[in-house]
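Data first, discussion second: the structure below is written as structure tokens.
The values are calculated or read from the model by the stated rules, or taken from the named source; none is laboratory data. Every value quoted in this text rests on a predicted model; they were computed, and no experiment measured them. Heads up, the Cβs are rebuilt from the backbone with ideal geometry, glycines too, and the neighbour counts pull from every protein chain shown.
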Amino acid sequence: MEKKNIDWANLGFGYVQTDKRFVANYKNGAWDEGGLTTDATVTITECAGVLQYAQTCFEGMKAYTTEDGHIVTFRPDLNAERMENSCKRLEMPVYPQDKFVEAVVQTVAANEAYVPPYGSGATLYVRPYMFGSDAVIGVKPSSEYQFRVFTTPVGPYFKGGVKPLTIRVCDYDRAAPHGTGHIKAGLNYAMSLYAIMDAHRQGFDENMYLDAATRTKVEETGGANFLFVTKDNKVVTPKSNSILPSITRRSLLVVAKEYLGLEVEEREVFFDEVKNFAECGLCGTAAVISPVGKIVDHGKEICFPSGMSEMGPTTKKLYDTLTGIQMGRLEAPKGWIKVIK
Ligand SMILES: *Cc1c(COP(=O)(O)O)cnc(C)c1O
């Protein structure tokens, strides 16, 4: 397979159209068999449920080339399961989990020429999503839906080296206590745009959201879960019903316990404790872990001992071990790596 002529190392995180995408349609209570198409556009009625009432959810994952030359994805079964939960909460029909994984495999295989080579740091980002596609004007669920998967090559996350982030405690809330914070719905992102642009305007990289009910507990950022390391080297991550269950974070907890022999705690984390932690990172598919160097709470700074120039030592070990597993340099727990080719 001849690869596309792309400068992998200098790719950013943006949309690059690839050759094929998967489309399946839901109508009269059933999914059609679906298949690949070269048509990168979507044509729907002006009154579609997604356009009027934001009935849509998505997933995000990566395909990449391992050290021994296989094209793989990481734990796609968990993306399938999470999308099922998102669909149920939004009154959307579930796309069966095994067919979800099969659609991801087909789409990546059809765009093999866009899967970056091993060692480039770049990956093929995979975006499964679903939306209500028929006309609804009264507020109710759509009766027709489209499930799609497209891919786009993205560059190395830490281009030009790791730069710890400066984040602020945000005065806006991300998710209500019994709302939709735990599902991957577009609506959670639409309403976070003002807060993130405001953070950028004030010179911060990200927002730390606190729990909406008491504003005393750490939730997450707009698109990544927190992971902290205590001074005695325990890994701590917030537990809450209103954060998105990150697959990266869940995997890192297994890595911490099983590979690094560290103690792990998933529990409520009060903002008051944050100043006592030794390291802080943000976990998600895009970066695996981005280190946080500084948190600013209305002018009061918390500076982590790991500083503003590198990852903390335990964060680095977690990062190296998980990326080692993903890239095939370390043995993966059973079922974590889905080989596509
Ligand atoms: C997608 C997402 C994450 C990260 O999840 P991964 O499965 O690790 O990519 C974290 N928080 C939010 C709000 C998200 O949407």
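The lone criterion from (1) within 16 Å of the ligand (Cβ to nearest atom); (2) more than 27 Å from Ala195 (Cα to Cα); (3) touching a Leu at 6+ places or on another chain (Cβ under 9 Å) left unmet by Gln326 is number (3).
Among residues of region 253-269 that are within 17 Å of Ile325 (Cβ to Cβ), those with a beta-carbon under 6 Å from a residue that is assigned to a loop (DSSP other than H, G, I, E, B) and among the hydrophobic types (A, V, I, L, M, F, W, C) at least six positions away or on a different chain give the pairs Ala256/Leu262.
Residues Phe100, Phe58: which one is closer than 25 Å to Gly181 by Cβ, buried (at least 23 other Cβ atoms within 10 Å of the Cβ) and within 16 Å of the ligand (Cβ to nearest atom)? Sole residue among the options that is closer than 25 Å to Gly181 by Cβ, buried (at least 23 other Cβ atoms within 10 Å of the Cβ) and within 16 Å of the ligand (Cβ to nearest atom): Phe100. Looking only at region 256-282, residues that are closer than 17 Å to Thr221 by Cα and either touching a helix residue (DSSP H, G or I) at 6+ places or on another chain (Cβ under 6 Å) or at pLDDT below 95 (or both) come to 2 in all. Val50 - would you say it is over 26 Å from Lys334 (Cα atoms), part of a helix (DSSP H, G or I) and not small (Gly, Ala, Ser)? Considered against the rule, which asks whether it is over 26 Å from Lys334 (Cα atoms), part of a helix (DSSP H, G or I) and not small (Gly, Ala, Ser), Val50 comes out as yes. Annotation note: Cβ proximity below 9 Å between a residue of region 64-76 that is within 20 Å of Pro156 (Cβ to Cβ) and a residue that is of a type in the set (Lys, Arg) and buried (at least 16 other Cβ atoms within 10 Å of the Cβ) (sequence gap 6+ or interchain) occurs for Val72/Lys338; Thr73/Lys62; Thr73/Lys338; Phe74/Lys62; Phe74/Lys338. Is it the case, given these coordinates, that Thr73 is out of contact with any helix residue (DSSP H, G or I) (no Cβ under 6 Å at 6 or more places or on another chain), in a loop (DSSP other than H, G, I, E, B) and either of a type in the set (S, T, N, Q) or not assigned by TED's automatic domain parsing to the domain that holds Phe22 (or both)? When the stated conditions are applied, Thr73 does not pass them. Val292 meets all of the listed conditions (1) within 14 Å of the ligand (Cβ to nearest atom); (2) buried (at least 20 other Cβ atoms within 10 Å of the Cβ); (3) of a type in the set (Val, Ile, Thr) but one, namely (1). Considering only residues in region 224-253 that are among the β-branched types (Val, Ile, Thr) and in contact with a Leu (Cβ under 7 Å, 6 or more places away or on another chain), the one that is nearest to Lys184 (Cα to Cα) turns out to be Ile247.
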